[in-house]
Amino acid sequence: MSDNCVKLFKDGLFETEIAEDDDPKLSKMKKDVVVGVKDTREVDNDFFLVVVKIFDHQQLQNILLVLIKKKDNIQ
């Protein structure tokens, strides 16, 4: 989740009551928020996603080995 999403949640701007006919792909807000160039009370959930790098086991192992070698060189 993005920092914006966390801030909006902490500020209590998300609607917490969900009706049966509400679109699950949208987050409802208690007040208007600016998304792009327009004010809205419904925000696509994808707006709050953040791209993160995914490592496989080999990549993680290589990163750990580099960090261990750097630590050993420092001491």
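The values are calculated or read from the model by the stated rules, or taken from the named source; none is laboratory data. Just so it is clear, the model here is predicted, and its values are computed rather than measured. All Cβ positions, even for glycine, are placed from backbone atoms using ideal geometry, and neighbour counts span all protein chains on display.
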For segment 27-58 the number of residues that are of a type in the set (Asp, Glu) and in a loop (DSSP other than H, G, I, E, B) is 1
Determine whether VAL66 is loosely packed, with under 11 Cβ neighbours inside 10 Å and within 17 Å of ASP3 (Cβ to Cβ).
-> no
Just need a number here: residues in segment 20-52 that are of a type in the set (Ser, Thr, Tyr) and over 14 Å from CYS5 (Cβ atoms).
-> 1
Cβ-Cβ below 9 Å, separation at least six or inter-chain, first residue in segment 1-21 and in contact (Cβ under 8 Å) with a residue 24 or more places away in the chain, second part of a loop (DSSP other than H, G, I, E, B) and hydrophobic (A, V, I, L, M, F, W, C): which pairs?
-> MET1/LEU49; MET1/VAL50; SER2/LEU49; SER2/VAL50; CYS5/LEU49; CYS5/VAL50
Checking PRO24 against (1) part of a loop (DSSP other than H, G, I, E, B); (2) modelled with pLDDT of 90 or more; (3) surrounded by 10 or more Cβ atoms within 10 Å (Cβ to Cβ), the condition it does not meet | (3)
Single unsatisfied condition, LEU49 versus (1) surrounded by 10 or more Cβ atoms within 10 Å (Cβ to Cβ); (2) touching an Asp or Glu at 6+ places or on another chain (Cβ under 9 Å); (3) of a type in the set (A, V, I, L, M, F, W, C); (4) in contact (Cβ under 8 Å) with a residue 24 or more places away in the chain | (2)
Surrounded by fewer than 10 Cβ atoms within 10 Å (Cβ to Cβ) and either touching a helix residue (DSSP H, G or I) at 6+ places or on another chain (Cβ under 7 Å) or β-branched (Val, Ile, Thr) (or both): does that describe VAL33?
-> no
What tally of residues in segment 19-54 results from selecting those that are more than 18 Å from the chain's Cα centre (by Cα) and of a type outside the set (Lys, Arg)?
-> 9
